[in-house]
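The values are calculated or read from the model by the stated rules, or taken from the named source; none is laboratory data. Small disclaimer: the values here were computed from a predicted structure and weren't measured. Note that we place each Cβ from the backbone using ideal geometry, even for glycine, and neighbour counts take in every protein chain shown.
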Amino acid sequence: MNPRTVALAIITLIVVAGSLVGLFARRQRQIDLEQWACAGRRFGLVFVWLLMAGEMFTAYTFLGASGWAYSRGAPVLYVIGYWPLGCVIGFFILPLIWEVGRKHRMQTQADFFQVRYGSKALAALVALVGAVCLMPYLQLQLTGLGLIVEEASYGGIHRTPAIVTGFALVAAFVFVSGIRGVAWVSVVKDLLLIGAAVFIGFAVPHIYFGGIGRMFAELARFKPAHLVMPGSTPNLGHAWYFSTVLVSSLGFYMWPHFFAATFTAKNGEILRRNAIVMPLYALALPLMLFVGLAAVLALPGLRDGDLSVLLIVRKTFPAWFLGMVGGAGALTAMVAAAIQLLCAATLYAKNLIRPLFAPSMKEQQVALLSKLIVLALTAAAVLLAIYSSVSLVSLFLVGTNGVAQLFPGVFLGLFSRRATTVGICVGLVTGIAIAAVLTLTNRDPFHGLNAGFLALCFNFAVTVIVSALTRVRFASFDEIPAEVSSVSSAVVPPVTVH
């Protein structure tokens, strides 16, 4: 049989099977906003782990990290450094976030700010920042999906129809099943992807060099600069590495979909145990980097490093295996995009549109509006993916620099009574503005440092100074009665302590 036909058939089978799992995950449940966004807060350790850890192993890791290993070299090692550090931070803050989320019936990241600081304007700003920063991440998944299907099908399907078809399926199971559908599809995706990553991570270096150690010896012989900072880049040195690891780890759980996934757990202890076991998932990360590094010598001269994994798999293995890898990669991009779509749509509907334009909107109407926004965001992300050519890791870093600016509001909200609405708002705007200006003017890194890290430093400083000047101490979460903070139906009034 034609290799293209074999690969296409396997890709189609995997994608359709995964989509059906997502569509049937609803299983005759009444999907209100609580079920759609939080799955009734009933997920145990396995589903929370799949939802959080699995959402880190996306097209960004599958294609982007290996692509950076191919094209940039040593700077890509930041992806190994920030994940464990982010889990340490999560161990301490996620159970606290879950507890206040359960008490005050939170469903989104913006709900946290609304309850803590008593401001619908700040909550709307947080929702806007979170949803906008999700768009590059969503674009990353779309672009990755198109690349995977196009290359894995031997060019039989162009990336544009692959993007449109894949994300029509994504919108369908998000629309029908919500976050429960995402979690169930993650089971299928993770079994396929981790198996593929482990196999090719060991097999490719062995086939071409006789092992991982020999591969590094060959790289050190023929391309030594690629293995030390700044690699094959002019300015991504040690300062950039450390600042990027720090800002990425602080922003790790500030992604709105990770933050919201916290509310799906049964209890806070599950989140603490999840933070302990989640780094195990990261063991597959170096294997993807090994494939990208092997391609440096095995496939020299690629114009797009993001294609290195798919092209070396296509060159090395039979069509049926390429179809399996392509199907697993496509499903990975779809699952990641699904939870990002769900979260962005909920933020827009619940925390931006309802409080500002339709405060009398009922929960069921918010759920319907969120589903409609899923369709609109899907269309916007498809257009961005088709007409943009930014590298996958660059898209991820743009989003990370933005969501990391939410960290001061969360950290101070949990551990300080002196952070004020004005301080948090001014600090957030300052951080976003600095990160945006440096990124848009191509000054990232700035004097060797990650632009998002510099922005976060100014964000923290401005927040502390302005909060001290406003001289209003807001109540801690323990001092806010649950009945006051009905985020599901009304704007929370500020609770101050004099």
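Across the stretch 367-391, the number of residues qualifying as modelled with pLDDT of 80 or more and of a type in the set (V, I, T) comes to 1. Within the stretch 228-241, which residues are crowded, with 16+ Cβ neighbours inside 10 Å and of a type outside the set (S, T, Y)? If the condition is that a residue be crowded, with 16+ Cβ neighbours inside 10 Å and of a type outside the set (S, T, Y), then M229, P230, G231, L236, G237, A239, W240 are the ones that fit.
Criterion first (of a type in the set (G, A, S) and part of a helix (DSSP H, G or I)) does A419 satisfy it? Answer is no for this residue.
Answer yes if at least one residue in the stretch 358-372 is in contact with an Asp or Glu (Cβ under 7 Å, 6 or more places away or on another chain), within 23 Å of F113 (Cα to Cα) and not small (G, A, S), and no otherwise. The answer is yes; a qualifying residue exists.
Annotation for the stretch 96-107: at least one member residue is among the polar types (S, T, N, Q), out of contact with any strand residue (DSSP E or B) (no Cβ under 8 Å at 6 or more places or on another chain) and farther than 30 Å from V296 by Cβ. Screening Y137, Y154, Y117 for residues that are crowded, with 24+ Cβ neighbours inside 10 Å, within 30 Å of T12 (Cβ to Cβ) and not hydrophobic (A, V, I, L, M, F, W, C) leaves exactly one candidate, Y137. Specify the residue that is surrounded by the fewest Cβ atoms within 10 Å (Cβ to Cβ); the eligible residues are those in the stretch 185-211 that are at pLDDT below 90 and more than 25 Å from F24 (Cβ to Cβ). Per the stated criteria, the residue is V198.
So that you can scan it fast, the table gives a plain yes or no per residue for (1) assigned to a helix (DSSP H, G or I); (2) crowded, with 20+ Cβ neighbours inside 10 Å; (3) hydroxyl-bearing (S, T, Y); (4) at pLDDT below 95:
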residue	(1), (2), (3), (4)
L428	yes, yes, no, no
G431	yes, yes, no, no
A436	yes, no, no, yes
T439	yes, no, yes, yes
F453	yes, yes, no, no
C457	yes, no, no, no
F460	yes, no, no, no
S489	no, no, yes, yes
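Residues that are surrounded by fewer than 21 Cβ atoms within 10 Å (Cβ to Cβ) and in a helix (DSSP H, G or I) occur in the stretch 101-113; there is at least one. The criterion of being out of contact with any Phe, Trp or Tyr (no Cβ under 9 Å at 6 or more places or on another chain), crowded, with 20+ Cβ neighbours inside 10 Å and under 30 Å from I353 (Cβ atoms) holds for V129. Residue selection: K362 fails the criterion of being buried (at least 19 other Cβ atoms within 10 Å of the Cβ) and charged (D, E, K, R). What do you reckon, is A295 touching a helix residue (DSSP H, G or I) at 6+ places or on another chain (Cβ under 6 Å), assigned to a helix (DSSP H, G or I) and hydrophobic (A, V, I, L, M, F, W, C)? Considered against the rule, which asks whether it is touching a helix residue (DSSP H, G or I) at 6+ places or on another chain (Cβ under 6 Å), assigned to a helix (DSSP H, G or I) and hydrophobic (A, V, I, L, M, F, W, C), A295 comes out as yes. Filter the stretch 217-237 for residues that are touching a residue at least 60 places away in the same chain (Cβ under 8 Å), part of a helix (DSSP H, G or I) and not aliphatic (A, V, I, L, M) and give the result. Scanning the stretch 217-237 gives E218, F222, H226.
Check whether at least one residue in the stretch 324-332 is touching a residue at least 24 places away in the same chain (Cβ under 8 Å), of a type in the set (V, I, T) and in a helix (DSSP H, G or I), and report yes or no. The answer is yes, given that some residue of the stretch 324-332 is touching a residue at least 24 places away in the same chain (Cβ under 8 Å), of a type in the set (V, I, T) and in a helix (DSSP H, G or I). Could you please let me know if R443 is of a type outside the set (S, T, N, Q) and free of Cβ contacts under 8 Å to residues at least 60 places away in the same chain? Yes.
Among the residues of the stretch 246-259, those that are crowded, with 24+ Cβ neighbours inside 10 Å, part of a helix (DSSP H, G or I) and at pLDDT 85 or above comprise V247, S248, L250, P256, F259.
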